[in-house]
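The values are calculated or read from the model by the stated rules, or taken from the named source; none is laboratory data. All values derive from a computational prediction rather than experimental measurement. Positions of Cβ are backbone-derived with ideal geometry, glycine not excepted, and every protein chain shown enters the neighbour counts. Please note that ligands, DNA and RNA were not included when accessible areas were found on the heavy atoms of the full protein model with its side chains. Shrake-Rupley method; radii C 1.70, N 1.55, O 1.52, S 1.80 Å.
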Amino acid sequence: MIKVTLPDGSIKEFEQGATPMDVANSISAGLARNVISAKFNDKIVEASTPLTTDGALTLYTWNDDEGKKAFWHSTSHVMAQAIEELYPGSKLTIGPAIENGFYYDVDFGEHTLSENDFGKIENRMLEIARGKHDFKLREVSKADALDYYKKQDNPFKVELIENLEDGTITFCDHDTFTDLCRGGHIPNTGIIKAVKLMSVAGAYWRGDEKKPQLTRVYGTSFPKQKELKEYLELLEEAKKRDHRKLGRELELFTFSQKVGQGLPLWLPKGAALRERLENFLKKAQKTAGYEMVVSPHIGQKELYVTSGHYAKYGEDSFQPIKTPNEGEEFLLKPMNCPHHCEIYNATSWSYRDLPKRFAEFGTVYRYEQSGELHGLTRVRGFTQDDAHIFCTPDQLDEEFKKVIDLTLYVFDSLGFENFTAQVSLRDPENKEKYIGSDDVWDKAENAIISAAKEKGLNYVVETGEAAFYGPKLDFMVKDALGRNWQLGTIQVDYNLPERFDLTYKGSDNESHRPVMIHRAPFGSMERFVAILLEHTGGNFPLWLMPEQAIILSLSEKYEKYSQKVLTLLENNEIRARKDNRNETIGKKIREAEMGKYPYMLIVGEQEANDGTVSVRKHGEGDIGTMPVEAFAEIVNNEIRKTLKAFEV
Ligand SMILES: [Zn+2]
Ligand SMILES: [Zn+2]
């Protein structure tokens, strides 16, 4: 008999050779129906793998990432079978699962695969799936494996096998198809109910451009047709919400090859949006006791040698700028922290002065390879909503909680309702990897965990994920399409206070080291605006909208009245513009919908006579005719509801 430990800690006994599927069956028939793969003693196994020793077992279903991986990887075998049948002479190479699907790299020989081939391949894949063929893993000797692929004249698989050790090689069979594979499959092809080939691309064998070029076929699959449909709709929606597309349509930002790659240019509407975001955070930070500071865009190389940044990133950064005569070297500022340390050092502090909270919308420059650049999410110059808190170790607890409050306030005001947090602690087995004494680490880690608990955060603890200089708390927000984005890191730092010899005078009249907290709720203005665009699809919270209303006149005759309405709105601090073009009202409404205006105010004869506006709300339609003041009240009420003042 063997002892199998389940994730809940319970231990069950089974006969040697029992499979994960047997274990699932012993728990419930429902679970057994859904189990598609498993992990035994940290190794991915198949539901049919016989278990021969005691060990820990985790069962995976479609709802687990590992389950999806097995599902998609198995589908790549099915696709490979279809390709081999439909395009005889094709040579298969590798076919892994990836995020949201799988691919297979294939040498199609003379044939050029295009999207026109997809339907045929998909149909054959579904036919194979319906055959409910079991995936069966078997060991083969190296000699037999080589022999098999030499007969097929497949140099790629031969090369793979040559690099494997005899005794570790397995083949996977299903239906009439065999593939070299390490394992990680679903029980049978029958649970694959929906398949879709997504795209083709070129790929070099082993990613080496000197090696033969292959065709990479991307696909995805699902256990239900409905799930495939939902996934495709999500992709469609994500395309519509692509921040690069929306940024152009809403005239927020642009890039210029002349200015340089990865250097965003903010257009007037984008700059105004950004300014509103900055003012919003500045106001809350003021309430929270932060003071604004300003530091230059470059700093002496020595500054980053002191901070340790140069040793760690120097080679992969923008290289130093040299002065023509003095032989000085400067770096474009990659981070604001060293500058703020020197701002702290400009004054001698007593424990009574702490905490000091220095904030700056500081623009930093980081070299990214041109291929890595992406819209506003990966750029070479960006502005962080940065702040550094310098406090005594005893104040850490309180300060951490305050930073969490501020971060949650930001999420709430901007409509991010779904988020989780991760607490990253040091690895207690490898304490020498970290700077700072046990005592301060314990204190800081406890402070973070108790703060997360007290604030009711939905958090996970990851041991060994802390930076060498301190533990941290990261927030992950889920956007409207269910995608996760990391936002708002709060990081404790024992390293920079050491390196910059930061001190304060304690009540004992002795010199002590302050603790430093780095925090940026937005992360950077660029990335945050990108995420906000994709989350809201450009329908920002009303308080943030570049223009909250547009006045659409039924004809040019009402120009004067339109202007009167506009002035009234401006007096009520509502941002608006008027559209007095000689166009049909239908056209004006359609364009205003495209422009995402939250409110459209239609004015004609009746409205001009009564001093009213006919109001259409974006996404809702007509909400009635009313005096301008009543409309202003609606807008201001809506803003008050979403944008509350930050309270400490
Ligand atoms: Zn496989
Ligand atoms: Zn920092």
Name the single residue that is nearest to the chain's Cα centre (by Cα) among those in segment 307-317 being away from ligand 2 (no atom under 16 Å from the Cβ) and loosely packed, with under 15 Cβ neighbours inside 10 Å.
ASP316
Could you check segment 14-46 and list, in sequence order, the residues that are open to solvent by 60 Å² or more (accessible area, probe 1.4 Å) and on the phi > 0 side of the Ramachandran plot?
ASN41, ASP42
I need the full set of residues from segment 312-338 which are among the aliphatic types (A, V, I, L, M) and either closer than 30 Å to GLU647 by Cβ or touching a helix residue (DSSP H, G or I) at 6+ places or on another chain (Cβ under 7 Å) (or both), in order please.
LEU331, MET335
Since ILE186 meets every condition but one in (1) in contact with a strand residue (DSSP E or B) (Cβ under 6 Å, 6 or more places away or on another chain); (2) buried (at least 20 other Cβ atoms within 10 Å of the Cβ), which condition does it not meet?
(1)
Single residue of segment 365-393 satisfying the filter (within 14 Å of ligand 2 (Cβ to nearest atom) and more than 21 Å from the chain's Cα centre (by Cα)) that is farthest from VAL492 (Cα to Cα):
ALA387
Among the numbered conditions (1) more than 20 Å from ASP353 (Cβ to Cβ); (2) at pLDDT 95 or above, tell me where HIS535 comes up short.
(2)
Got a sec? Which of LEU396, LEU354, LEU376 is modelled with pLDDT under 95, among the hydrophobic types (A, V, I, L, M, F, W, C) and either away from ligand 1 (no atom under 16 Å from the Cβ) or over 22 Å from GLU465 (Cβ atoms) (or both)?
LEU396
Residue that is nearest to ligand 2 (Cβ to nearest atom) [pool: residues in segment 169-183 that are of a type outside the set (Ser, Thr, Tyr) and open to solvent by 10 Å² or more (accessible area, probe 1.4 Å)]:
ARG182
Just the residues that are open to solvent by 40 Å² or more (accessible area, probe 1.4 Å), of a type outside the set (A, V, I, L, M, F, W, C) and not in a strand (DSSP E or B), please, taken from segment 328-361.
GLU328, GLU342, ASN345, THR347, SER348, TYR351, ARG352, ASP353
Screening LEU228, LEU263, LEU303 for residues that are open to solvent by less than 40 Å² (accessible area, probe 1.4 Å), modelled with pLDDT of 95 or more and under 23 Å from the mean Cα position of the chain (by Cα) leaves only LEU228
Within segment 405-419, does at least one residue satisfy the condition of being open to solvent by less than 10 Å² (accessible area, probe 1.4 Å), more than 20 Å from PRO541 (Cα to Cα) and more than 16 Å from ligand 2 (Cβ to nearest atom)?
no
Does GLY314 satisfy the criteria of being at positive phi and away from ligand 1 (no atom under 16 Å from the Cβ)?
no
Select from segment 391-419 the residues that are hydroxyl-bearing (Ser, Thr, Tyr) and not in a helix (DSSP H, G or I) and list them in ascending order.
THR392
Answer from THR383, THR392 - the residue that is polar (S, T, N, Q), touching a residue at least 60 places away in the same chain (Cβ under 8 Å), out of contact with any Leu (no Cβ under 9 Å at 6 or more places or on another chain) and open to solvent by less than 40 Å² (accessible area, probe 1.4 Å)
THR383
Among the listed residues ASP117, ASP166, which satisfies the condition of being more than 15 Å from ILE83 (Cβ to Cβ) and either open to solvent by 40 Å² or more (accessible area, probe 1.4 Å) or among the charged types (D, E, K, R) (or both)?
ASP166
Of everything in segment 567-590, what is more than 18 Å from THR625 (Cβ to Cβ) and touching a strand residue (DSSP E or B) at 6+ places or on another chain (Cβ under 8 Å)? Give them in sequence order.
GLU570, ARG575, ARG577, ASP579, ASN580
Filter result for GLU159 (outside any loop (DSSP other than H, G, I, E, B), surrounded by 14 or more Cβ atoms within 10 Å (Cβ to Cβ), more than 15 Å from ligand 1 (Cβ to nearest atom) and free of Cβ contacts under 8 Å to residues at least 12 places away in the same chain)
yes
